[in-house]
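J.: One structure, as structure tokens, below. Some questions next.
The values are calculated or read from the model by the stated rules, or taken from the named source; none is laboratory data. Keep in mind it's a predicted model, so treat the numbers as computed, not measured. Note that we place each Cβ from the backbone using ideal geometry, even for glycine, and neighbour counts take in every protein chain shown. Heavy atoms of the whole protein, side chains included, go into the accessibility calculation; ligands, DNA and RNA do not. Shrake-Rupley method; radii C 1.70, N 1.55, O 1.52, S 1.80 Å.
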Amino acid sequence: MRAFNFSAGPATLPTEVLEQVQAELLDWRGLGLSVMELSHRGPEFMEILARSEADLRDLLNIPSEYRVIFCQEGASAHWDMIPLNLLQGKKRADYIETGYWSYRAIEEGRRYCQVNIAASNRSDQFCAIPLQQDWRLDPDAAYVHYCSNETIDGLEFHWIPDTGSVPLVVDMSSHFLSRPVPIQRFGMVYAGAQKNIGPAGLSLVIIRDDLLHPAAPGTPFLMDYHAQVLANSMLNTPPTFTIWVAGLVFQWIKRQGGLEAMEARNREKSEALYAALDRSDFYRTTVKRIDRSHMNIPFHLRDPALDEKFLKEAEQHHLLQLRGHRVVGGMRASIYNAMPMAGVQALIAFMNDFEQRHG
Ligand code: PMP
């Protein structure tokens, strides 16, 4: 049987997609070989790549002046690639600090430029997103970087910052494709695959044409967005299997009714789980209500001495990978697109039962 997998990533994939992969693995479309064995320059894989991009464009309504890049690097590599590609001779960039992942981007950005932390919630223990009116943006910054869903801390931007003419760059790794977003508000969007896109080994970039220029001298050639766009993401052998599965996930999302339908489902799931957490003082969450993530829900047991027992019993109920990230401890339920409502209901039933026995 398939368990319910609450991992933050590599995360649960739609069962339907895994079944399709299984069915087509040995003999793709009667060719007598698998997608993994196709030449990346051949017409079959070119068709897979084009279809994946077309479906992604459709889902997100990506305007024609934006390019899509399928990158082999994980999301972390973009913390270097962004300054290397977007500084374009400028010396300063703005960063918003809202949790662990936005901080990692800041640390890496410091290798290339003067980082201005225009807003931070560090003194607030990463519990609330700083209001835009308190941000100190630099009008001469090359870009403004933020992370719209902090996977570890459980914060999500339910609004889009206004940065005027300075390009807005966003790490959407952990809520990409969970709801519609107006791409035209961003200079660049990037996301690692292993949450809502597909298997690990891929990240996606959506970047506006006017930001594409040759990267800083000395940039490794694979890290140059401009060159990747010119080569249609094929400067070298791309992760063909992962791109194929990502494309199947895009088709699955379309069959579910697209991003509006995903948003409604995701809202229903997260509201049910937050309601269960709010009902009890046996469990607690620290994120300010309006900034709560619909994807990653960290929570703590009142008595941390029960943590291991909770995790062990959860596993016996086929509720897997609920351990919180090591930097914050406690628990975390990641409920991405592919987590069905039944999984959230099973978790809530288990939590209520655990509380009754130990509360
Ligand atoms: N950004 C966010 C928001 C993440 O959640 C993660 C990983 N969980 C990363 C960046 C780093 O991703 P990767 O491991 O693909 O480099």
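J.: Sort out the exposed loop trypsin sites (Lys or Arg not before Pro) in the chain (DSSP loop, at most 15 other Cβ within 10 Å) and tell me the longest stretch that has none.
T.: Of all site-free stretches, the longest is 137-287.
J.: Please get the size of the charge dipole for segment 257-358, origin at its Cα centre, with Cβ charges of +1 on Lys and Arg and -1 on Asp and Glu, quoted in debye to the nearest 20.
T.: Once rounded to the nearest 20, the dipole reads 220 debye.
J.: Report THR240's accessible area, 1.4 Å probe, all protein chains in place, as a number in Å² to the nearest 10.
T.: 20 Å²
J.: Okay, moving on. Counting only C-alpha contacts under 8 Å and six or more residues apart, can you give the relative contact order of the chain as a whole percent?
T.: The value is 23 percent.
J.: OK, next. Can you tell me the accessible area per residue over the chain, all protein chains present, probe 1.4 angstrom, in square angstrom?
T.: I get 43 Å² per residue for this part.
J.: Restricting to bridges with both residues inside segment 16-255, how much of the DSSP beta-bridge set is antiparallel, in percent to the nearest 5?
T.: Percent antiparallel among DSSP bridges in segment 16-255 is about 45.
J.: About its Cα centre, what dipole magnitude does segment 101-179 give when the only charges are +1 on Lys and Arg Cβ and -1 on Asp and Glu Cβ, stated in debye to the nearest 20?
T.: With Lys and Arg at +1 and Asp and Glu at -1, about 120 debye.
J.: Which distance in nm do the two modelled labels at GLU24 and ARG255 give, with both placed 7 Å along the Cα-to-Cβ direction?
T.: 1.0 nm
J.: At 222 nm, what helix-only mean residue ellipticity would the chain give, in deg cm²/dmol to the nearest 500, using -39500 (n - 2.57) for each DSSP H run of four or more?
T.: -10500 deg cm²/dmol
J.: In addition: Just to verify a number: what accessible area does CYS127 come out at with the full protein assembly present, 1.4 Å probe, Å² rounded to tens?
T.: Spelled out: CYS127, probe radius 1.4 Å, area about 30 Å².
J.: Please list PHE241, PHE70 from largest to smallest accessible area, probe radius 1.4 Å, with all protein chains kept in place.
T.: PHE241, PHE70
J.: Please report, as a whole percent, how much of the solvent-accessible surface of the chain comes from carbon and sulfur atoms (probe radius 1.4 Å).
T.: Here carbon and sulfur together make up 51 percent of the probe-accessible area.
J.: So if I place +1 on the C-beta of Lys and Arg and -1 on the C-beta of Asp and Glu, and nothing else carries charge, what would the dipole magnitude of the chain be about its Cα centre? I want it in debye, nearest 20.
T.: Result for the chain is approximately 340 debye, rounded to the nearest 20.
J.: Continuing with the same structure: I need to check one value: relative contact order of segment 213-292, counting alpha carbon pairs closer than 8 Å and at least 6 residues apart, in percent.
T.: 11 percent
J.: May I pose another question? Give the residue from HIS158, MET339, LEU277 lying farthest towards the positive end of the charge dipole for the chain; charges sit on Cβ (+1 for Lys and Arg, -1 for Asp and Glu) and the dipole is referred to the Cα centre.
T.: Farthest towards the positive end: LEU277.
J.: Could you rank MET234, MET1 by how accessible they are, 1.4 Å probe, largest area first?
T.: Heavy-atom accessible area, descending, gives MET1, MET234.
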